[in-house]
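**Student:** Next up is a structure, given as structure tokens.
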Amino acid sequence: MQTAKQLSVSLVNKPGRLADVLMALSKGKVNFRALAVMDSGDRGTVRFVPDDVEAAMAVLEKISVRFDVAEVLLADIPSQPGGFRKVCERLAAEHLNIDYAYHSDSLGKAKGAALAVIRVNDLAKAQRILSENGTSRKKMPFRRPVLAR
């Protein structure tokens, strides 16, 4: 289980803005381990884990794009139904909250594996829990899902 620096950028939600930022990062030879784009009305949020954080920050500063840096957990997830659910259950059993998460194919890894980027309220504890073998896991009680009407 490893951690990484994630950069978050808020952009005006209009055609070409995301492409411009991605072009600048590409010219700066910045590659992504994972990337997510979320819409929130007139602005969008781009979160990504670059392979070279320093280079990514330099590019964003050069094009005058503000960014935030956060430490996130990178978890290898089996690419199968329920793979990410098991991670969520283990964190919930230890009272850890997932602020957000996104998923990426884990290029260069074994076929059938994926990479989850997870922001939690206690990174060190989450890293310790997910690094443990499965024998010490707490069993989650069955809960009926709450459905909105």
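The values are calculated or read from the model by the stated rules, or taken from the named source; none is laboratory data. Bear in mind that the values here come from a model prediction, so they are computed numbers and not experimental data. Counting neighbours? That spans all protein chains shown, and the Cβs are built from the backbone with ideal geometry, glycine included.
**Student:** How many residues are aliphatic (A, V, I, L, M) and within 14 Å of the chain's Cα centre (by Cα) if we restrict to region 44-94?
**Tutor:** Within region 44-94, residues that are aliphatic (A, V, I, L, M) and within 14 Å of the chain's Cα centre (by Cα) number 10.
**Student:** So, in region 80-113, of the ones that are of a type in the set (Ser, Thr, Tyr) and buried (at least 17 other Cβ atoms within 10 Å of the Cβ), which residue ends up modelled with the lowest pLDDT?
**Tutor:** 106
**Student:** Inspect all residues belonging to region 35-44 and state whether any of them is touching a residue at least 24 places away in the same chain (Cβ under 8 Å), within 26 Å of residue 125 (Cβ to Cβ) and surrounded by fewer than 16 Cβ atoms within 10 Å (Cβ to Cβ).
**Tutor:** Within region 35-44 (the criterion being touching a residue at least 24 places away in the same chain (Cβ under 8 Å), within 26 Å of residue 125 (Cβ to Cβ) and surrounded by fewer than 16 Cβ atoms within 10 Å (Cβ to Cβ)), the answer is no, since none of the residues qualifies.
**Student:** Can you pull out the residues in region 2-43 that are over 16 Å from the mean Cα position of the chain (by Cα) and basic (Lys, Arg)?
**Tutor:** Residues satisfying the conditions are 14, 17, 27, 29, 43.
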